[in-house]
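Data first, discussion second: the structure below is written as structure tokens.
The values are calculated or read from the model by the stated rules, or taken from the named source; none is laboratory data. Just so it is clear, the structure is predicted and the values come from calculations on it, not from any experiment. Cβ: placed from backbone, ideal geometry, glycine included. Neighbour counts: every protein chain shown.
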Amino acid sequence: MLRQATVALVDDLVNPGCLRHLADACRVVSVGKRGGCASTPQAFIERLLVAEALRGERVVRLKGGDPLVFGRAGEEIAALRAAGIAVEVVPGITAGVAAAASAGVSLTHRNHAPGVVFVTGHRQPGGEAPRWDVLAQSGLTLVVYMGMAETHNIRSGLLAGGLAGDTPVLLVQAASSAGERRVATRLCDLQTAIAAEQLGSPCVMIIGDAMMQVLQDWTPVENPAGVQSATGALGKAA
């Protein structure tokens, strides 16, 4: 599919190695889409997809992770179908799954987590935040995307909902890339760990007892800022 494309609209988080599979004559259009950075407005991307396809181009929309999980694929598919354009979706590996696989942990566990919830921590202007207090009572592993700017609300909401402060949390920055970093902490120490390790976006938070093995396996270390977690369990994978 990539080799046959004549136009490729590419998100900023796409692995550059993927572009090697495009034909030399393919026109590559970067549309950004990295949290907190300038990016092309979504409506413009949809118009561009439609215009290029109606012009007879073979268009590929390249996204990081899985396009159907927080990739705004639904809006783009709807725009293309409304214009009578056929769409084929090629699934990818979403960041939450890639993060868990990289750390060697399972998102579900028959003794600790019968299910998993993928949820965005990003709040639209004027929109409502996820009900963290309700999610705290679900007994499910929570995989939080785009939540770095909302860590205070996530932590306080989950604690207010009854989730224990010592609930393990796995933080994975730039999952499955060369710059990946993994930090294990507990819910009560979430903001301290992020600040001490200077973690930034993109970063996935995996919260729940299914992550307990991470804390048990990794050796507690003092982080570069000289701050130890309150539980003595803050660690970073090599």
**Message:** I'd like the full set of residues that are farther than 24 Å from V204 by Cα and assigned to a strand (DSSP E or B), limited to segment 48-77.
**Reply:** V59, V60
**Request:** Keeping to segment 108-145, report how many residues are over 14 Å from the mean Cα position of the chain (by Cα) and assigned to a loop (DSSP other than H, G, I, E, B).
**Result:** 20
**Prompt:** Is there a residue in segment 216-238 that is more than 16 Å from F118 (Cβ to Cβ) and modelled with pLDDT of 90 or more?
**Reply:** no
**Complete:** Contact list, first residue from segment 65-87 and among the basic types (K, R), second anywhere and in a loop (DSSP other than H, G, I, E, B), beta-carbon distance below 9 Å, six or more apart or interchain, is R72/K33; R72/K63; R81/V87
**Message:** Scan segment 70-84 and tell me whether some residue there is of a type in the set (V, I, T), under 30 Å from S138 (Cβ atoms) and exposed (fewer than 14 other Cβ atoms within 10 Å of the Cβ).
**Reply:** no
**segment 17-31 residues that are assigned to a helix (DSSP H, G or I), paired with ones that are β-branched (V, I, T) (beta carbon under 9 Å, 6 or more apart)** = C18/V10; L19/V10; L19/V28
**Item:** Residue tally, condition under 21 Å from V14 (Cβ atoms) and either surrounded by fewer than 12 Cβ atoms within 10 Å (Cβ to Cβ) or touching a strand residue (DSSP E or B) at 6+ places or on another chain (Cβ under 9 Å) (or both), over segment 101-137
**Value:** 4
**Asked** Among the residues of segment 183-198, is there at least one that is assigned by TED's automatic domain parsing to the domain that holds G161, buried (at least 21 other Cβ atoms within 10 Å of the Cβ), over 18 Å from G121 (Cβ atoms) and modelled with pLDDT under 70?
**Response** no
**Request:** Answer yes or no: is there a residue in segment 159-170 that is farther than 14 Å from D209 by Cβ, surrounded by fewer than 19 Cβ atoms within 10 Å (Cβ to Cβ) and among the acidic types (D, E).
**Result:** no
**Asked** Between a first residue in segment 180-195 that is in contact (Cβ under 8 Å) with a residue 40 or more places away in the chain and farther than 18 Å from V105 by Cβ and a second residue that is crowded, with 20+ Cβ neighbours inside 10 Å and basic (K, R), which pairs have beta carbons less than 9 Å apart while being 6 or more apart in sequence or on different chains?
**Response** C188/R155; Q191/R155
**Request:** Among the numbered conditions (1) closer than 14 Å to I207 by Cβ; (2) modelled with pLDDT of 95 or more; (3) out of contact with any His (no Cβ under 8 Å at 6 or more places or on another chain); (4) surrounded by 17 or more Cβ atoms within 10 Å (Cβ to Cβ), tell me where A98 comes up short.
**Result:** (1)
